[in-house]
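Reading through the structure tokens given below for one structure.
No lab work stands behind these numbers, since they all come straight from the coordinates. It should be emphasised that the depicted structure is a prediction, and the values quoted were computed from it without experimental measurement. We place every Cβ from the backbone using ideal geometry, glycine too, and count neighbours over all the protein chains shown.
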Amino acid sequence: MVIQLKQLFDITGESKSFKYDIPLESLKQYEQYPFISPIAIDGTLVNRAGIVHLNYSVKFTMKLNCDRCLSEFNREYFYDFHHLLVRSTSQDSDEYVECPDNILNLDELAISDLILQLPSKILCSEDCKGLCHICGNNRNILDCSCS
């Protein structure tokens, strides 16, 4: 979703709400991330003293494999994000998102945010027992007699 920000930048107190989905077809270029649901985005933009505050949440489901036991499972994720949008800045900082043409590509920003937020180690549960290093059985399903 591309959002025109000119009116938001120009009028202090101006706000805009949005709620939409990024469809699975648009996520094909991110095939290394196994999305099985659209990414639901819900948020607001508010101009406070010339700086536009972007607050939004994302919700999506992925089909994953556990790093310990290799079991396949689905996990739903929810994340909240906040950004400060400005037309330009002289600072080299991640604190601000520059929108020099008064345009924000929210899809790109949201996908980037959520990918950076994903855990580096994927487990089916916190107490996953993993695979037996001797016989290879999934110890969550079958207790083996290996020592």
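Each of the peptides 134-142, 2-10 was scored by the mean count of other Cβ atoms within 10 Å over its residues; in descending order, highest first, they stand as 2-10, 134-142.
Given the range 27-120, what percent of its DSSP beta bridges are antiparallel, to the nearest 5?
On the way: 24 of 27 bridges.
Counting DSSP beta bridges with both partners in the range 27-120, the antiparallel share is about 90 percent.
Where only DSSP H runs of four or more residues are counted, the chain gives -3000 deg cm²/dmol as its mean residue ellipticity at 222 nm, each run worth -39500 (n - 2.57).
Using a Förster distance of 30 Å, how high is the FRET efficiency between Phe78 and Ser145, based on the Cβ-Cβ distance and rounded to 0.05? Using R0 = 30 Å, I get an efficiency of 0.15. Distance between the C-alpha centres of the range 119-136 and the range 77-102: 38 Å, rounded to the whole angstrom.
Kirkwood radius for the chain, taken over all pairs of different Cα atoms as the inverse mean of 1/r, rounds to 17.9 Å.
May I ask you to sort Thr61, Thr89 by Cβ crowding, counting other Cβ atoms within 10 Å and putting the fewest first? Each step should come with its number before you reach the end.
Details: Thr61 16, Thr89 13.
In increasing order of surrounding Cβ atoms, one gets Thr89, Thr61.
By the beta-carbon count within 10 Å of each Cβ, the least crowded to most crowded order of His82, His53, fewest first, is His82, His53. Considering the options Ser57, Tyr96, Cys135, tell which one lies farthest towards the positive end of the dipole of the chain, charges being +1 on Lys and Arg and -1 on Asp and Glu at the Cβ, about the Cα centre. It is Cys135, whose Cα lies furthest towards the positive end.
Any idea what the dipole of the range 2-117 comes to, in debye rounded to 20, about its Cα centre with Lys/Arg Cβ at +1 and Asp/Glu Cβ at -1?
Details: 10 positive and 18 negative charges, 59 e Å.
It works out to roughly 280 debye.
When the alpha carbon coordinates of the range 76-147 are projected onto the principal axes, the ranges are 65, 23, 15 Å, largest first.
Computed over the chain with a Gaussian network model linking Cα atoms closer than 10 Å, the most mobile of Leu109, Leu85, Leu54 is Leu109.
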